[in-house]
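For reference, the structure is listed below as structure tokens.
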Amino acid sequence: MGYNTWYGLNVFDEGMFKQESKKARIAIKYLREYSEEAFEILEPGGDGEDWGRWYNFNADMYWISRLFPELIFALHGDGDEMEDLWVCYYVDGMEQMEYKISTPPFDRTKLKKVL
């Protein structure tokens, strides 16, 4: 049994930040044809379809971002563990990984009366 993640992919035209461009739709289509894991995990529009494992997402995203260097790819991940939230941006074979702020641990000193 492996680690599951819910993936979602947004694709933007650089400078325009519109997902619904023709190039963006073509790029997602190519990615889903190229990668069996992406095909199983992503819907045709890039939304997540199901929890799954995409162990080669970095290599696949490198490939598609090199094929469409003018696009910005934002791959979102929500892992099995509650605090595993991230987004990775890809442009022309380069990446920028960002981890989302997680919930801080319980701290009794921060409790306040409700009523």
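Each reported figure results from applying straightforward, stated rules to the coordinates on display, with no laboratory input. Computed from a prediction, not measured in an experiment: that's the story for all the values here. Reconstructed Cβ throughout: ideal geometry from the backbone, glycine too, with neighbour counts over all protein chains shown.
Angle of helix 57-67 to the longest C-alpha principal axis of the chain, folded into 0 to 90 degrees and rounded to 10: 40°. Using a 10 Å cut-off around each Cβ, can you sort V91, V114, V11 from fewest to most neighbouring Cβ atoms? By the 10 Å Cβ count, ascending: V114, V91, V11.
Dividing the helix sum by the residues of the chain, where each DSSP H run of 4 or more adds -39500 (n - 2.57), gives a mean residue ellipticity at 222 nm of -7500 deg cm²/dmol. Contact order, relative form, for the chain: 25 percent (alpha carbon pairs under 8 Å, 6 or more residues apart, mean separation divided by residue count). Computed from Cα atoms, the angle from the helix 22-34 axis to the main principal axis of the chain rounds to 90 degrees.
Let me spell out the model: positive unit charges on the Cβ of Lys and Arg, negative unit charges on the Cβ of Asp and Glu, origin at the Cα centre of the chain. What dipole size does that give, in debye rounded to 20? Computed charge dipole of the chain: roughly 540 debye.
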